[in-house]
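Read-outs throughout are calculated quantities, based only on the coordinates presented, and are distinct from any laboratory measurement. Everything numeric in this text was worked out from a predicted model, so none of it was measured. Virtual Cβ from ideal backbone geometry, glycine too; neighbours counted across all protein chains shown.
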Amino acid sequence: MAAIFLGAIVLFAGCKKDDFVEITGVCPIVVSTIPANGATSVPLAQVITVKFNEEMDPSSITSASFFIRSTAVLTGTYSYNDSTATFTPGSPLTANTTYTGTVTTDARDLNGNYLQTDYVWSFSTGTTLAPMVTTTDPADLETGVVLNKTVEANFNMPMNAATINTTTFTLMDGVTNIPGVVTYSGTTAFYNPNADLTPNTEYTATITTGAENPAGDPIPADYVWTFTTGTLVAPTVISTDPANLDIDVPLNQIITADFSETMNGATIDATSFTVSNGVVNIPGIISYAGVTATFTPTDLLLSGTTYTATITNAAENLAGTTLVSDYVWTFNTIATTGPVLPDLNTVADFGIIAGVGVSNNAGFSVINDMNVGISPGVRSSITGFPPAIVVNGAIYASDDLTPVGVAAMLIQAKQDLTDAYLFAEGASSPAPATVSGDIGGMTLAPGIYKSTSTLLIQSGDLTLDAQGDANAGWIFQVASDFTTVGGAGGNVILTGGAQAKNVYWQVGSSATIGDFTSFKGNVLALTSITMNSGATAEGRMLARNGAVVMTSTNIINKP
């Protein structure tokens, strides 16, 4: 269920159920179709089926909730059994024709919970899919449309934006053309009238066969639909902070949206106001006051990241009028502090990789959530497993015959290690700061730190402070041996949001992780790596040429 926030109070919302919210309802969804979305060469005698995630109300499976169309809606018969709806066309499908199937929000389960959004898919009886209009907003014959409506048409594939214009996308009041601006994004065309529409008036929208996909294929016939306005003007989002396409947004940014009028605060919630990093919604607290909706992220934003904020048309004003359509904007946070980090590629799957040997000399050592590998060394050079174990991972050696391809996989991982090592060794921006001797007791900001000889962490703990930037990185370039020494210190401490996965130790010779020290980061060593008794690491021990030795009871956790 989705979380709803009213002020600082967290509630939960389920599925739309008739005219209220079902607190414990499970939303019905379409899980599969026959033919599948994008299917081609579909038989002309094909029976079309839709499978749901749960039992549906058979009385809701009708021509209003489930239909197939090409240039017109097909006629046929409907049946329902065992969570599957079936449509049998009244006559064979037409050859070399693209069809769209639609299951609308009129479909409901046995508890009265409705499908939350229309499900639309396409298939073809020919060898390719033709571009088609799949849905429109307003829908055909819709009434009571708000006067400031932007008319939308969604296609079943990306189109050539140059062919989506005021010639191919028109809006008419009778024989009078309505002036407006046509834009295109993703798979959706938008017609934004220059002025509010006239109340209680029927309009006709048309997408002509001049609309083409990038291959030059047009839609098969003009797509025409009508709708009728009501008397209401819908609320709109008039400004946001950050604004659309803002850059250098601080990591502690609170995201706000101002509306054109007072809204119903109960409709401004975690369903209608989201902020996402890619496809992942970030957690936050939503509140509403005056005309402003506020999203306060639970955690600091990530640096160097594009975020997308959305206010959906579930947001309503006090009269119950929703936004005309979803309002979406993006912004970019400040650049990541520290250097560009190496890309481990396939070697990222390994907690240990070595050239000639991997050993666990004594005690119960554990490698968690990563693999152990050796190449060009062979399996007989991996010793001490057990008592050492690999949890949620596997041990691979260059002479393994099964599974097929292990040797090649390890060669690639070793090459990726070499590439990452050379990248770290040559990193020069920002300019490296010189360090030498013992860096125990220091606190270091993100950056590149270069030692021309050996490097120690001995007289105290080394603290790496990300200063609030969870993406901040460190590269340590050590020309010779690197050693942490337990006793008075020797640990690596992360603070300010620092993450072990963003710390790299490029070691020109061999590395030793001291007795009972807690280490953080990825060691990329030219020769060998030794973990002394009781040493633990959140990171990786990756040796290009030599061995990785666990002395006694060592733990390596995935960073």
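Based solely on its DSSP helices, what 222 nm [θ] is calculated for the chain when runs of n ≥ 4 H residues each add -39,500 (n - 2.57) and the sum is averaged over all residues, nearest 500 deg cm²/dmol?
Using -39500 (n - 2.57) per qualifying helix, the result is -1500 deg cm²/dmol.
Put one equal scatterer on each alpha carbon of the stretch 133-229, apply the Debye formula with no solvent term, and list log10 I(q)/I(0) at q = 0.10 1/Å to two decimals.
Debye output, listed in q order: -0.23.
How far apart, in nanometres, would the label points at Leu110 and Leu245 be if each is projected 7 angstrom from Cα along the Cα-to-Cβ direction?
Distance between the two pseudo-spin positions: 5.3 nm.
Once Lys and Arg get +1 and Asp and Glu get -1 on their Cβ, which of Ala314, Gly284, Thr337 lies farthest toward the positive end of the dipole of the chain?
Result: Thr337, furthest along the dipole toward the positive end.
Taking the inverse of the average 1/r across all pairs of different Cα atoms in the stretch 237-333, what Kirkwood radius in Å do you get?
13.3
Given Cβ point charges of +1 (Lys, Arg) and -1 (Asp, Glu) and nothing else, what value in debye, to the nearest 20, does the dipole of the stretch 237-333 about its Cα centre take?
Computed about the Cα centre, the dipole is about 120 debye.
Could you tell me which of Ala525, Gly112, Asn81 has its Cα farthest along the dipole of the chain towards the positive end, charges placed at Cβ (Lys, Arg +1; Asp, Glu -1), taken about the Cα centre?
Result: Ala525.
Check Thr305: other-chain or 5+ apart residues with amide H under 5 Å from its amide H, H built from backbone geometry?
So Thr305 has HN proximity to Thr333.
Express in nm, to one decimal, how much length is gained between Met172 and Ser83 on full extension, taking 0.36 nm for each residue of separation and deducting their alpha carbon distance.
Net length gain for the segment: 27.8 nm.
By count of other Cβ within 10 Å, fewest leading, how are Leu93, Leu455 ordered?
Leu93, Leu455
Between Ile61 and residues 5 or more places away or on another chain, which pairs have amide H atoms under 5 Å apart, with H built 1.01 Å from N, and which residues are they?
none
Using bins 10 angstrom wide from zero, how does P(r) for the stretch 345-557 break down, in % of all Cα pairs?
For the stretch 345-557, the pair-distance distribution reads 9, 37, 37, 15, 2.
Go ahead and run the numbers for FRET between Ala408 and Thr383, Cβ-Cβ distance against an R0 of 41 Å, rounding to 0.05.
About 0.95, to the nearest 0.05.
Let me understand the chain better: what is its radius of gyration from the alpha carbons, and its Dmax, in angstrom?
Expressed in Å, the Cα Rg and Dmax of the chain come to 30.5, 88.
Which of Thr135, Ile255, Ser41 sits farthest toward the positive end of the charge dipole of the chain, with +1 on the Cβ of Lys and Arg and -1 on the Cβ of Asp and Glu?
The one lying farthest along the dipole's positive direction is Ser41.
Using only Cα atoms and rounding to the nearest 10 degrees, what angle (0 to 90) does helix 406-426 make with the longest principal axis of the chain?
Orientation of helix 406-426: about 80 degrees from the principal axis.
How big is the shadow of the Cα convex hull of the stretch 69-142, averaged over all directions, in nm²?
Computed as one quarter of the Cα hull surface, the answer is 6.3 nm².
Semi-axes of the stretch 293-402's equivalent ellipsoid from the Cα gyration tensor, sqrt of 5 times each eigenvalue, largest first, rounded to whole Å?
52, 17, 14
Once phi is turned into θ = phi - 60°, what whole-Hz ³J(HN,Hα) does the Karplus curve with 6.51, -1.76 and 1.60 give for every residue of the stretch 48-61, x standing for Gly and Pro?
Listing the rounded values in order: 9, 10, 10, 9, 9, 7, 7, 5, 10, 7, x, 5, 8, 8 Hz.
Which order do Met531, Met442, Met263 fall in if you start with the one that has the fewest other Cβ atoms within 10 Å?
Fewest-to-most ranking of Met531, Met442, Met263: Met442, Met263, Met531.
For labels at Thr127 and Thr94 in the simple 7 Å Cα→Cβ model, what's the distance in nm?
Using points 7 Å along Cα→Cβ, the separation is 2.1 nm.
What ranking do 376-383, 552-559 get when scored by the average of other Cβ atoms within 10 Å per residue, highest first?
Going from most to least packed, we get 552-559, 376-383.
Tell me, what HN-Hα J-couplings in whole Hz come from the Karplus equation 6.51 cos²θ - 1.76 cosθ + 1.60 at θ = phi - 60° for each residue of the stretch 284-300, using x for Gly and Pro?
My calculation for the stretch 284-300 gives x, 10, 9, 9, 9, 8, x, 10, 10, 9, 10, 10, 9, x, 5, 10, 4 Hz in order.
Give me a comma-separated list of calculated 3J(HN,Hα) values for the stretch 169-180, in order, Karplus coefficients 6.51, -1.76, 1.60 applied at θ = phi - 60°, integers in Hz, x for any Gly or Pro.
10, 10, 9, 10, 10, x, 9, 9, 6, 8, x, x
For the stretch 65-208, build the convex hull from the C-alpha positions and give me its volume per residue in Å³.
Taking only Cα atoms, the stretch 65-208 has a hull volume of 147 Å³ per residue.
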